[in-house]
Every structure is written in C-alpha cells, then in structure tokens.
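Throughout, read-outs are computed from the coordinates displayed, never taken from laboratory work. The structure displayed is predicted, hence computed values, not measured ones. Note that each Cβ is placed from the backbone with ideal geometry, even for glycine, and that neighbours are counted across all protein chains shown.
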Amino acid sequence: NLANRYGADRFIRRNDATLRLVGPNAAIERSVGVGALDLLDRNDGRIDLVGRARLRTTENFENTGDILLDDGGRFVVTGGKEFVQSGGTLTLDGGVLRAGKISIEGGKVRGEGILRGGTVALAGKGVLEPDSAAEGIGVLE
C-alpha cells in the first residue's frame, strides 16, 4: 500500500522497472481499492500481465519498452484515450489491448491476440509480426 508509506496522493506515472502482475486479482494499490497505476502514462521498462491480470490507466499511454499480455492478460486505456507504441515490443500471447485509439508508430507488435480500438493505425516504422504458428496477428477491432 503506497499511501501508508508515501502519502495518499502517490501514483506511478512512468514505469522504468519490471512490473509483473499474475492472476485476475493482482494489483498495486495506493490505498485499499485505488490503483496506483491508474495514471500510468509511459512504459520504458517491462510490464507483464499474465493469467487474466488487468492493468487500467485513464491517461494517454506511450510504450517504448516491453509489454507482455499473456493468457488473457488485459491492458486497458480508458476514456477514449490513446495507446502509442513508439518503440520496444508489445507481445500478445492470448491477451487484449483496448484503447480509444491504438497507434503503432515504432517498435513491433508480435504474437496473437486482440487489438481493440476505435481506430487501430500502423504508421512510421511500426511492425506487425504475427505468431508463425498462427494465421495472423489475431483480431483488430
């Protein structure tokens, strides 16, 4: 609980470390029931969401690091906000990325899973790299 240690107004806005959430009840809380990652807006490190783990942010989000959405892991950018992949790797191994807009401008999206956005755009130096065993990247919604 971050509030007990650092004060009630603390949120994690940028990740430069390795963050691994496993299971549907996994969470990092700033106080009971309030997620410390609710304002996360950038990843330069590594985020793994495994076994139906969920991460939700209310901010536009940029990824230059590595994100793994495995076994039903879900990353959700709420409020019609945008997810931008500008570097690094987003790996979908049965996971879901949902945002108002998804822009793949750099780095790569690999594996098989679901990209669910009002708009999904591939631009710049962004690369889609489907799982070689699959028929495609998965579902673009």
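Under the rule a/c < 1.5 gives rounded, and otherwise a/b versus b/c splits prolate from oblate, where does region 21-104 land using the Cα gyration tensor? Mind showing how you got there, number by number?
Numbers: a/c = 1.57, a/b = 1.16, b/c = 1.36.
Oblate shape, in that a/c is at least 1.5 and b/c is the bigger or equal ratio.
Among 25-36, 95-106, how do they line up by average Cβ neighbours within 10 Å per residue, starting with the highest? Could you put the intermediate results ahead of the total?
Working: 25-36: 14.2, 95-106: 20.3.
Going by the mean number of other Cβ atoms within 10 Å, highest first, we get 95-106, 25-36.
Backbone N atoms of region 84-115 closer than 18 Å to the 7 Å Cα→Cβ label point of residue 64 belong to residues 84-90, 103-109.
Once fully extended, how much extra length lies between residue 11 and residue 25, figured as 0.36 nm per residue of separation less the alpha-carbon to alpha-carbon distance?
This chain segment gains 3.1 nm when fully extended.
In deg cm²/dmol and to the nearest 500, what is the mean residue ellipticity at 222 nm of the chain if only DSSP H runs of at least 4 residues count, each as -39500 (n - 2.57), divided by the residue total?
Working: 1 runs with 5 residues, N = 141.
Computed mean residue ellipticity for the chain: -500 deg cm²/dmol.
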